[in-house]
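One structure is given below, encoded as structure tokens.
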Amino acid sequence: MKMPKSNNITSIGDDMWEKICNQDEISDNSVLAKDIAGRQLMVCRISDTISVTDRICTHEDADLSCGFVSPDGVRCPLHLSVFDVNTGEPLNPPAIEPISVFNVKIEYGEVYVEV
Ligand code: FES
């Protein structure tokens, strides 16, 4: 089995890292909705790379975790903007503002997010 990669961010200190899920909770090319530290986040695993982003679309508040995964990112279920989950940038209108992307690390099969 191929092991997923994180988006390769280094830790500053351990206090800001929160466990968000186990690595095996999310299959490749899928999205998992999670609420952490008062934020509505989604864990995305696309082409075996794990990213964590906000999950509310910057256009009109749709829940991106209800959208569609493509090789380019996650497509909003409401008006179909695609967000690159590594940069947060929308790749097509109508969304023009990026979603937030969070630092991720994977340790012993557990996925942590820096919040
Ligand atoms: S609500 Fe997401 S593109 Fe409109």
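Every number in this text was worked out from the coordinates using simple rules, so none of it is lab data. Just so it is clear, the model here is predicted, and its values are computed rather than measured. We place every Cβ from the backbone using ideal geometry, glycine too, and count neighbours over all the protein chains shown.
Proximity of backbone amide H atoms, modeled 1.01 Å from N, is registered between Ile56 and Leu64 at under 5 Å, excluding neighbours fewer than 5 places apart on the same chain. Under the combined filter of DSSP loop state and at most 16 neighbouring Cβ atoms within 10 Å, segment 62-115 retains these chymotrypsin sites (Phe, Trp or Tyr not before Pro): Tyr108. Charge tally for Val31 (other residues, Cβ to Cβ under 15 Å; Lys, Arg +1; Asp, Glu -1): -4. In the chain, one over the average inverse separation of all distinct C-alpha pairs is 13.9 Å, which is the Kirkwood hydrodynamic radius.
Fewest neighbouring Cβ atoms within 10 Å first, the residues Met16, Met42 line up as Met16, Met42.
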